[in-house]
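Report on the structure given below.
The values are calculated or read from the model by the stated rules, or taken from the named source; none is laboratory data. None of the values given here were measured: they were computed from a predicted structure. Cβ sites come from the backbone with ideal geometry, for glycine too, and all protein chains shown count toward neighbours.
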Amino acid sequence: MARILAIDFGTKRTGIAVTDELQIIASGLTTVETKDLFAFLKEYVSNESVELFVIGEPKRLNNEASESEVAIKPFIDKLTKTFPDIPFTRVDERFTSKMAFQTMIDSGLTKKQRKNKALVDEISATIILQSYLYSR
């Protein structure tokens, strides 16, 4: 089986999470500068078999798309052109940053460690991926 790769897209940084090859466990992989995202994805996909991209879908409480969606649409267009053989799906990412921060507190990270926004993005991607795994 191939891995599933989740993306918590941001204009500055993007969190990445992946499953194991059996698609049972979601694990944070890394956070990359968004400007380097496609270079990272090309390298990763050349070394690992990826069956699906799961992309966070930011929504407002009233279920409308958030303003972040404006930046995500061009990213998805480029992703589908760059990796035409790998499909993608979207997962509601409301509250993932808050859940990630709470996870950091529950894990006993210090206040200084919790200010690491890259770690928040990586944990958020993991939560997005875990949500997808639960839903299927």
Of the numbered conditions (1) out of contact with any Asp or Glu (no Cβ under 9 Å at 6 or more places or on another chain); (2) farther than 24 Å from Lys117 by Cα; (3) at pLDDT 95 or above, Asn62 satisfies every one except a single condition; which is it?
(3)
Out of the residues in the stretch 1-47 that are in contact with a Lys or Arg (Cβ under 8 Å, 6 or more places away or on another chain) and assigned to a strand (DSSP E or B), which is farthest from Arg136 (Cα to Cα)?
Glu33
Tally, over the stretch 69-79, of residues that are modelled with pLDDT of 95 or more and either within 18 Å of Ser46 (Cβ to Cβ) or under 15 Å from the mean Cα position of the chain (by Cα) (or both)
4
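Here are Ile86, Ile128: which of them is modelled with pLDDT under 95, among the aliphatic types (A, V, I, L, M) and either in a strand (DSSP E or B) or closer than 21 Å to Ile4 by Cβ (or both)?
Values: Ile86 fails: modelled with pLDDT under 95.
Ile128 is the lone residue from the list that is modelled with pLDDT under 95, among the aliphatic types (A, V, I, L, M) and either in a strand (DSSP E or B) or closer than 21 Å to Ile4 by Cβ (or both).
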Is it true that some residue in the stretch 10-17 is more than 18 Å from Thr103 (Cβ to Cβ), within 15 Å of the chain's Cα centre (by Cα) and surrounded by fewer than 16 Cβ atoms within 10 Å (Cβ to Cβ)?
yes
